[in-house]
Amino acid sequence: MKHATIGKWSDISHSEHARIRRQKVKKEVLTHYGNGNCSCVRCGFEDIRALSIDHINGNGHYLRTKNKSHRNITKWLKDNDFPIGYQTLCMNCQFIKRFEKGEENPTVREKLRRSEGVC
Ligand SMILES: [Zn+2]
């Protein structure tokens with residue numbers, strides 16, 4: 001039996017379909033945790049490339065219990081009916097929050113700089 005072609009979609013590979021599906025889920029999850037907007041809840045930054053999910057109280061249930069890669073958290077959140085305790089933040093606000101809460105993970109260079117008392 002011959003397969004029917006479905007317009008332009010037939011030209012797109014399976015990996016491209018998967019990428020598009022992941023982007024769609026990511027946008028849906030970021031919008032949910034961005035209080036209805038696909039943007040950072042702190043500063044309003046909207047570029048999806050620099051938005052991510054933040055555990056409001058530090059390392060969350062997901063990472064502690066599931067031990068899955070952080071990359072799949074958007075799918076996990078959707079599959080688990082959007083549990084509470086998460087928010088959408090841009091990378092700037094993620095790092096600022098980590099610094100404010102003392103959660104930053106300094107690099108060796110930063111540690112050395114601190115031990116030398118250089119700002
Ligand atoms: Zn922000």
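Restricting attention to region 1-52, the residues being of a type in the set (Asp, Glu) and at pLDDT below 95 number 2.
Return a yes/no flag: does region 56-73 have any residue that is within 16 Å of the ligand (Cβ to nearest atom), modelled with pLDDT of 85 or more and in contact with an Asp or Glu (Cβ under 7 Å, 6 or more places away or on another chain). No - not one qualifying residue is present in region 56-73. Give me the pairs: first residue in region 80-104 and at positive phi, second residue at pLDDT 95 or above and more than 16 Å from the ligand (Cβ to nearest atom), beta-carbon distance under 6 Å, and six or more apart or on different chains, which are they? Here the result reads 82/32, each pair linking region 80-104 to a residue that is at pLDDT 95 or above and more than 16 Å from the ligand (Cβ to nearest atom). Go through region 90-101 and give me each residue that's buried (at least 18 other Cβ atoms within 10 Å of the Cβ) and either more than 9 Å from the ligand (Cβ to nearest atom) or part of a strand (DSSP E or B) (or both). Hit for region 90-101 is 90, nothing else.
Within region 75-89, identify whether any single residue is modelled with pLDDT of 95 or more, assigned to a helix (DSSP H, G or I) and aliphatic (A, V, I, L, M), and answer yes or no. For region 75-89, residues modelled with pLDDT of 95 or more, assigned to a helix (DSSP H, G or I) and aliphatic (A, V, I, L, M): absent.
The values are calculated or read from the model by the stated rules, or taken from the named source; none is laboratory data. This one's a predicted model, so the numbers in the text were calculated from it and none came from an experiment. Note: ideal-geometry Cβ built from the backbone for every residue, glycine included; neighbour counts use all protein chains shown.
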